[in-house]
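The values are calculated or read from the model by the stated rules, or taken from the named source; none is laboratory data. The shown structure was predicted, so the numbers you read here are calculated from the model rather than taken from an experiment. Cβ coordinates were reconstructed from backbone atoms using ideal geometry, including for glycine residues, and neighbour counts include every protein chain displayed. Calculation scope for accessible area: heavy atoms of the full protein, side chains included, ligands and nucleic acids excluded. Shrake-Rupley method; radii C 1.70, N 1.55, O 1.52, S 1.80 Å.
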Number of protein chains: 4
Amino acid sequence: MTEARRHHDPEMKGFASDNYAGVHPEVFEALALANGGHQPPYGADVYTQRVQEVFQRHFGPEASAWPVFNGTGANVVGLRAMLAPWEAVVCAQSAHINTDEGGAPEQSAGIKLRTVPTPDGKLTPELIDREAWGFGDEHRAQPKVVSISESTELGTLYTPDEIAEIAAHCRHLGMLLHLDGSRLSNAAAALDVPLRALTTDAGVDVLSFGGTKSGLMFGEAVVVLNPAAARGMAYLRKSSMQLASKMRFVSVQFEALLAGDLWLRNARNANAMAARLAAAVRGIPGVSVTRAVEANAVFAVLPGDAADRVRKRFPFYTWDETTGEVRWMTAFDTTEADVDAFAAAVAEEMAQA
Amino acid sequence: MTEARRHHDPEMKGFASDNYAGVHPEVFEALALANGGHQPPYGADVYTQRVQEVFQRHFGPEASAWPVFNGTGANVVGLRAMLAPWEAVVCAQSAHINTDEGGAPEQSAGIKLRTVPTPDGKLTPELIDREAWGFGDEHRAQPKVVSISESTELGTLYTPDEIAEIAAHCRHLGMLLHLDGSRLSNAAAALDVPLRALTTDAGVDVLSFGGTKSGLMFGEAVVVLNPAAARGMAYLRKSSMQLASKMRFVSVQFEALLAGDLWLRNARNANAMAARLAAAVRGIPGVSVTRAVEANAVFAVLPGDAADRVRKRFPFYTWDETTGEVRWMTAFDTTEADVDAFAAAVAEEMAQA
Amino acid sequence: MTEARRHHDPEMKGFASDNYAGVHPEVFEALALANGGHQPPYGADVYTQRVQEVFQRHFGPEASAWPVFNGTGANVVGLRAMLAPWEAVVCAQSAHINTDEGGAPEQSAGIKLRTVPTPDGKLTPELIDREAWGFGDEHRAQPKVVSISESTELGTLYTPDEIAEIAAHCRHLGMLLHLDGSRLSNAAAALDVPLRALTTDAGVDVLSFGGTKSGLMFGEAVVVLNPAAARGMAYLRKSSMQLASKMRFVSVQFEALLAGDLWLRNARNANAMAARLAAAVRGIPGVSVTRAVEANAVFAVLPGDAADRVRKRFPFYTWDETTGEVRWMTAFDTTEADVDAFAAAVAEEMAQA
Amino acid sequence: MTEARRHHDPEMKGFASDNYAGVHPEVFEALALANGGHQPPYGADVYTQRVQEVFQRHFGPEASAWPVFNGTGANVVGLRAMLAPWEAVVCAQSAHINTDEGGAPEQSAGIKLRTVPTPDGKLTPELIDREAWGFGDEHRAQPKVVSISESTELGTLYTPDEIAEIAAHCRHLGMLLHLDGSRLSNAAAALDVPLRALTTDAGVDVLSFGGTKSGLMFGEAVVVLNPAAARGMAYLRKSSMQLASKMRFVSVQFEALLAGDLWLRNARNANAMAARLAAAVRGIPGVSVTRAVEANAVFAVLPGDAADRVRKRFPFYTWDETTGEVRWMTAFDTTEADVDAFAAAVAEEMAQA
């Protein structure tokens, strides 16, 4: 019997982020299946081989999946494989790679990001053109990749057509398209389209496919959709410190997520709970929802003292210190009861204001 | 019920590497304990906070543990925290950081390694002096860190005194001492000393403490023993892509390993099985054990065709293509029956020669 | 007698950039003085030692000057010395380090730039605050340095008070101030203040001091004004490939520039010629000067076909492809006759429109 | 008249290094020719265009020359253009890129060097094989380039056949050959062969061609001999901070050096003076010459106190602190009188011993 002890309340849930959640029971069950005996490490195991088919069922026969540890790793490895050292990435100023990865792209991979302010976290061909120029000029780090996030860091969505339009613009410019899909499942569920409609079919070249926020213990995958767009993946995954030793335990989680519809069930639940939350708080005087609620994020403004009182009961983040805007996120394990309790707490604390 | 399936034989075990093994049952049990409900990510969870005490019980009250994903990550983050960008590392030519990390130190962190050939994978003050010079000369990347491995990549061990002597030499030179302890537990078990005898008490400044090869699913820890020796750990772990989102699942595994004596039981078993294997194959005509068997590795030479026939039954690696030397490793889950079956296979195939 | 031949017309001058100009005769004369005999390389020569006093006369007794090859090198070395690997730079989106250095800061030094759009190339405390936040958050590359350019890439100037206000804001935030002074001489001349009024006295910590655009053959200097703000300068200059072998020939040029008032005479001439040019073209119907002419740059808009015809006679650059805005720069060697001939050409070609 | 002053004795010469020397008069004359008027910067000038033909006359019609600032820059830019980020360089442990470039390859370009100890600074196919293995293994930074120095850092020479044999071995392994030719002229002069015999004709892919040590003020050139072997040269030169603004002044120096036979005259003189020096000191009791004197370096051992007394009169470097071995180098401007005076000083101080 293990010497470790349970130190937390397994019933407590909040709205701070979808990575506060734990591991979905079906995923946990899969981890147990993969245990026991010996398997070759570093991806030579049978689980990693099998999961390729599972990814290909979603993303097409050209797709290859490269399991890695985390989202920052997935983004850095994928971008590195798309770029020569003198090339640059155009992305939204709000992109996770720019704001929340501790400078990993620049500091660990020498990648130059050219950022564009956007109203809603979404790039357009026009916005891309603000930075995608100077081709052939040695004084300008050469724009080579456009990186977009789906769903975006602001909870908004690109439609398949919008992604296809960006992909066409990239091809027109001789550039490639990268998609940070740490919440791609939420986007596909919200738009009611298959995963490939937002990626392979829309012309995305390389994808970071999110697992952790969809109910995995750990694990993301770089999915190369256009084999001509990525060089040296095996080497870069290793030298970027993202090659898992006992990779069978990453791969089997993706099998659990993607072999059936777990990815979709989890995403639908999170999205539905965000919609329920938005509806509930819209009815509370003094609380205003500030952005379109398209996936599993709700952005809102409420008085700071009320926010602080709610926060003592359920942790969540302030998104913008200057405006007091807060972000509430739902997860695969958020229940209607969780939402209702939280909305009630907001209402109570607002009533104190 | 999960859609994932078991694809492997959970009884099959080999001697290729200790990372072919899976997860120890007590560790798996701990993962389940940590699941459920919400916990703050990125190390703000209660498991990561608690595990600090567990590490401090082993490594002293000054120690701080920084869970990361894998061994390459632990080494790169730890070294980065010890080095200014113009400083260099002195290590054995056979060091894992030089030979088996795909160039991660150089390519992802700009770290210069100055390598010294050694007979047995072990540095000495004399060997260190071959590269630790040129202090103050801007033309020479400044030697700042000595990195040693315990146990070494060649299956040999440093005694506590040998490490202390190297640490004293480092201090004399104004340098710091890093220890790659991916198999530190095996060393401590073999030498029958506590973990701190080889690290804190010997004067090591920063340690990579191995979890994966000791029975964890994934996870290593950078353990800072000398707080003055490492800067920016929190930032470097993030920008080196080693900050786990759901860190509770890394930390609880370390609790399972280190709160009691699981680390020691696992290491002792692996070491004992290596000794048993060495004894068994030493008795087989035509097989010679080439290096001291001090931890859980056995190096041997046998005819190439016999080796190839054995390899079809049990996978293992050729260590040196030029001499045909092979490496056999034992793990926490290797049993006497496994060893005996393997030794019998070697004997059978040698008899065919 | 040399086998080299003159291949160009030494009378031909244009308005494309101040680095189209050659070497000022007094500088050339200085190069000859430093020639002959042997001198220690890499800055141990007597010229490099002597030029420290010359720099200190301008920038104060705490200043140390580190000659390097070019402006990109000066910026990268200076910034590297101010930053830990996990720290970031806040700069204007139009900053040379962001737009025209081929990604050198990111690709050769792993430096993250956080860019802020500005109307006129100038930062303010308010604009800095848009990116200078998140202190202590490991997910955000830590803002540590503000970098401004004087004069700016858009030909505008900071007053001493404006720089002092930014420096105070930096100190308030725990940040440092870097100044890209490739055209600092032009700024000081235009504002009629000594060099130190815009740097040392205003609270700048580290300066890139421009030589090439002021009439040197090659050579810039990183000038460390606050010794506590820069670490490892000697090592970083070497490992950033900016350590000149025969450094006496860089240093003696700075002696020629700064021991007397050559820097001021050159800058005043360039500024005066820009003013003369602006005045002349403002009188040409259809040509409009688009930005304040505060140093040695004139930005203007004129019809594209007229611009193209003028360009055949005198090369210059289009600054903004979308608006057709062009940039005309004057240099230390621009004469009134050069300006008048150019303005006449513009007038002629406009008359053809 | 310049404000700069002569601060040194233009008659004083020593034997510390060939970069203690100044600028050859013919080169200085060439600099004057290139001055005056305006020329496009960054290599678009007429001198840089013309000098291509001059290089092609020496290195063949496929050669392209990329002037840079210094030797470290030439090596880093050339190697970077040959390598993907996951690839490595095999070189002698004594190679300048490993020992004397302050870690620039690793720290500024992420390049992994795999070093091989050698008796005389020279690699052979057998020595290369010690590190050139593991192709296709993601755990091993992929060996892609072999880098040799001609003449070597130990004053030894490769014959054309030896270089051709290494080049053939590289091709056999799928690798490329880089040559650090900071003293290539000395080698060609010593072997009495054209420059291309040691480079283009021998199968070298990319060359660092030395100018500074051959009598230039500053300037080296990356010469791409095999266009298929180098990618992104223009971009990498810029982002490696090696793109000279007023490049005409680098290029015209190479024209002076290479359009006629100045390179050969300079090299022959330096070599002859080294031979003269070796002969002279060989006759002094207690002094022993320790290595073959094949180019312009003399390595010797003499008692430390005598060495110190000589050093007070003529500066030179100790090469190996442990053995007391010293290095004496001759330059383009070393005269017979200089050699004789130095040898006399050695004899005098040895007589004091």
>> Antiparallel versus total DSSP beta bridges in the protein assembly as shown: what percent is that, nearest 5?
In response: 50
> Using a probe radius of 1.4 Å on protein heavy atoms only, what is the accessible area buried between chains B and A, both sides summed, to the nearest 100 Å²?
Replying inline: 6400
>> I'd like the mean, over residues of D:318-324, of how many other protein chain beta carbons sit within 10 Å of each residue's own Cβ.
In response: 1
> Measuring from a point 7 Å out along Cα→Cβ, what nm distances, shortest first, does A:A351 have to its partners in the other copies?
Replying inline: 8.5, 8.5, 11.0
>> Helix-only estimate, please: 222 nm mean residue ellipticity of chain B, summing -39500 (n - 2.57) across DSSP H runs of length 4 or more and dividing by its residues, to the nearest 500.
In response: -12000 deg cm²/dmol
> Say we join alpha carbon atoms closer than 10 Å with springs in a Gaussian network model of chain C; which of C:D45, C:D320, C:D201 then has the biggest fluctuation?
Replying inline: C:D320
>> Ignoring solvent entirely, what values of log10 I(q)/I(0) come out of the Debye formula for the stretch C:262-310 at 0.15, 0.25, 0.31 Å⁻¹ when each Cα is a single scatterer?
In response: -0.44, -0.90, -1.13
>> Run the reach check for A:K122 against aspartates and glutamates, Cα to Cα strictly under 15 Å, same-chain hits fewer than 8 apart removed. What comes back?
In response: A:E131, A:E150, A:E153, A:D161, A:E162, A:E165, A:D180, A:E294
>> If the elastic network links every pair of Cα atoms under 10 Å, which of D:A234, D:A197, D:A280 fluctuates the most in the Gaussian network model of chain D?
In response: D:A234
>> Just to confirm, what accessible area per residue do you get for the stretch C:262-352 at 1.4 Å probe, in whole Å²?
In response: 43
>> Under 10 Å, Cα contacts only: if you run a Gaussian network model on chain B, which one of B:G103, B:G210, B:G121 comes out with the highest mean-square fluctuation?
In response: B:G103
> Within the stretch A:12-63, which GluC sites (Glu not before Pro) sit in a loop by DSSP and count at most 14 neighbouring Cβ atoms inside 10 Å?
Replying inline: A:E62
> Roughly how many whole Å is it from the C-alpha centroid of the stretch B:100-129 to that of the stretch A:269-329?
Replying inline: 51
> Can you give the relative contact order of the stretch C:231-353 as a percent, counting alpha carbon pairs under 8 Å and 6+ residues apart?
Replying inline: 26
>> Using a label point 7 Å beyond Cα on the Cα-Cβ vector, give me the inter-copy distances for A:N226 in nanometres, one decimal, shortest first.
In response: 3.0, 4.6, 5.1
>> Pairs of alpha-carbon atoms within less than 8 angstrom and 6+ residues apart define the contacts here; what relative contact order does chain D have, in percent?
In response: 23
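Count the DSSP beta bridges whose two residues both fall in the stretch C:38-258, then state the antiparallel fraction as a percent rounded to the nearest 5.
In the stretch C:38-258, approximately 35 percent of DSSP beta bridges are antiparallel ones.
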> Can you pull the percent of the stretch C:262-352's accessible area that's carbon plus sulfur, 1.4 Å probe, other chains left in place?
Replying inline: 53
> Where the accessible area of the stretch A:59-201 is counted over protein heavy atoms with a 1.4 Å probe, how much of it, in %, is carbon and sulfur?
Replying inline: 52
> GluC sites (Glu not before Pro) within the stretch D:221-326: which are DSSP loop residues with at most 15 other Cβ atoms inside 10 Å?
Replying inline: D:E321
> Could the peptides A:105-112, D:264-271, C:159-166 be put in order, highest first, of the mean number of other beta-carbon atoms found within 10 Å of their residues?
Replying inline: A:105-112, D:264-271, C:159-166
> Cross-link partners among lysines for A:K312, C-alpha distance below 21 Å, same-chain residues fewer than 8 apart left out?
Replying inline: A:K13
> Axis carrying D onto B: which residue of D has the nearest Cβ, and how far, whole Å?
Replying inline: D:E106, 2
> What residue among D:G103, D:G134, D:P67 has its Cα farthest toward the positive end of the dipole of the stretch D:50-173, where the charges are +1 on Lys, Arg and -1 on Asp, Glu, each on the Cβ?
Replying inline: D:P67
> Distances from D:R171 to the same residue in each other copy, label points 7 Å out along Cα→Cβ, in nm, shortest first?
Replying inline: 4.0, 5.8, 6.6
> Roughly what would the spin-label model give for B:T318 and D:T323, points 7 Å off Cα along C-beta, in nm?
Replying inline: 3.7
> Just how far, in whole angstrom, is the stretch C:1-66 from the stretch A:167-239 if you go by their alpha carbon centroids?
Replying inline: 52
> Using the membrane-span-like helix rule (whole DSSP H runs, Cα extent along the own axis of at least 27 Å, mean Kyte-Doolittle hydropathy at least -0.5), which helices of chain C qualify?
Replying inline: C:262-282
> Looking at the stretch C:108-168, which chymotrypsin sites (Phe, Trp or Tyr not before Pro) are DSSP coil and have at most 12 other C-beta atoms within 10 Å of their C-beta?
Replying inline: C:F135
> What whole-number value in Å² describes the accessible area per residue of the stretch D:114-222 for a 1.4 Å probe?
Replying inline: 28
> Given 4 °C and 1.567 mPa s, how large is the Stokes-Einstein diffusion coefficient of chain A in µm²/s, with Rh as the Kirkwood radius over Cα pairs?
Replying inline: 62
> Label B:H172 and B:A44 with points 7 Å out from Cα along Cα→Cβ: what is the distance between them in nm?
Replying inline: 4.8
